[in-house]
Amino acid sequence: MRANCSSSSACPANSSEEELPGELQVYGSLELVFTVVSAVMMALLMFSLGCSVEVRKLWMHIRRPWGIAVGLLCQFGLMPFIAYLLAISFSLKPVQAIAVLIMGCCPGGTISNIFTFWVDGDMDLSISMTTCSTVAALGMMPLCLYLYTWSWNLQQNLTIPYQNIGITLVCLTIPVAFGVYVNYRWPKQSKIILKIGAIAGGALLVVVAVAGVVLAKGSWNSDVTLLTISFVFPLIGHITGFLLALFTHQSWQRCRTISLETGAQNIQMCVTMLQLSFSAEHLVQMYSFPLAYGLFQLLDGFLIVAAYQTYKRRLKNKHRKKNPGCAQVCRKKKSASSKEADSFLEMNEGAVAPGPSGPADCHRALEPTGHFALCE
């Protein structure tokens, strides 16, 4: 699926900046900002989040990859299918439909990892899913694009950004590996790094969102249909990912993780593929979609985190009113236990249904998530 770039006018990679429309020059500046900020954000963020990963738990996911398998099914099964249905339902132009489909076929983005941390998700599963989906994209992206576009009679071939996928893998695995090592050698310091990284990650996400709105203010006058799809697409991804995880009897913690991983796509990879495959004339019609999708998935992520934290806080207050002595018991257990981090792993690895099982206690009988400590 290679694009024919023999003539400079047909391939944007061979076109000079002066040949591009003024609107695309703005997009070029926007892409440069996103590229630099994303590279810095990815390295620092994945290092700090790697400090939450334990080798034992990571190996458990690799040995029993049920969660990873469900995540890959959501990523390369649900998302391309949803993209195809949206393109057909809204009767998009062929060029616009391709942009939507390419976004649906992209692997998961690292933005899902920081949101997973904020909703007390399974960080080991989240990082494993992001890595595995990026590796699987080497084969699954061309396969999905071929299956969904063979009936559209495309006149232009699509170029898979293998180099971009490789760079993403390097930027993902190396910082995580350093973070895992720091967590293994200096567990106390790793907790501090994790907290700082979570705050810095949130600040960087806000910077990216503001930069996107300011630099691409002209794109909001584009096709309303594309903007509508960019708004509903990540939401549908989050919802269907959660439902599929629930249907396959994953724990509540894994359901949240898989949901966030499903709706969060690698925007930079989509933009790169559009640049490699289409001319400047077509890019004007297509660039607004990945940009709007990226901004809306940030907004959706923040809303999900805010809803979860509010729900969690209400459950804490409700439980403390019903069990006033539980806080003291939990504090004693917390101080006596050297393995508090294990509470962030699902209570029963072999459980066949989400939610707590067995006798209720101070931590497990409070609400469906069952893994975060309500007595703090």
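Annotations for the structure displayed:
- Among the residues of the stretch 48-72, those identified as assigned to a loop (DSSP other than H, G, I, E, B) and buried (at least 16 other Cβ atoms within 10 Å of the Cβ) are Cys51, Ser52, Val53, Glu54, Pro65.
- Total residues in the stretch 154-168 satisfying the condition of being surrounded by fewer than 17 Cβ atoms within 10 Å (Cβ to Cβ) and assigned to a helix (DSSP H, G or I): the figure is 4.
- Count of the stretch 99-126 residues, restricted to those that are within 18 Å of Cys255 (Cβ to Cβ), open to solvent by 10 Å² or more (accessible area, probe 1.4 Å) and not charged (D, E, K, R), is 3.
- Condition met for His249 (at pLDDT 90 or above and part of a loop (DSSP other than H, G, I, E, B)): yes
- Whenever a residue of the stretch 46-59 is within 16 Å of Asp120 (Cβ to Cβ) and free of Cβ contacts under 8 Å to residues at least 40 places away in the same chain, it has no partner that is among the polar types (S, T, N, Q) and surrounded by fewer than 20 Cβ atoms within 10 Å (Cβ to Cβ) lying with C-beta atoms less than 7 angstrom away and at least six residues away or across chains.
- Selection within the stretch 256-304 - at pLDDT 85 or above, of a type in the set (Gly, Ala, Ser) and part of a helix (DSSP H, G or I): Ser259, Gly263, Ala292, Gly294, Gly301
- Restricting attention to the stretch 207-236 and to residues that are within 17 Å of the chain's Cα centre (by Cα) and either among the basic types (Lys, Arg) or at pLDDT below 75 (or both), the residue that is nearest to Tyr293 (Cα to Cα) turns out to be Ala209.
- Of everything listed in (1) under 23 Å from the mean Cα position of the chain (by Cα); (2) within 20 Å of Trp59 (Cβ to Cβ); (3) modelled with pLDDT of 85 or more; (4) crowded, with 17+ Cβ neighbours inside 10 Å, the single unmet condition for Val182 is (1).
The values are calculated or read from the model by the stated rules, or taken from the named source; none is laboratory data. The structure presented is a predicted model; accordingly, all values stated were derived computationally and were not measured. For neighbour counting, all protein chains shown are included, and Cβ atoms are generated from backbone atoms with ideal geometry for every residue, glycine included. Keep in mind that these areas ignore ligands, DNA and RNA; they rest on the heavy atoms of the full protein, side chains included. Shrake-Rupley method; radii C 1.70, N 1.55, O 1.52, S 1.80 Å.
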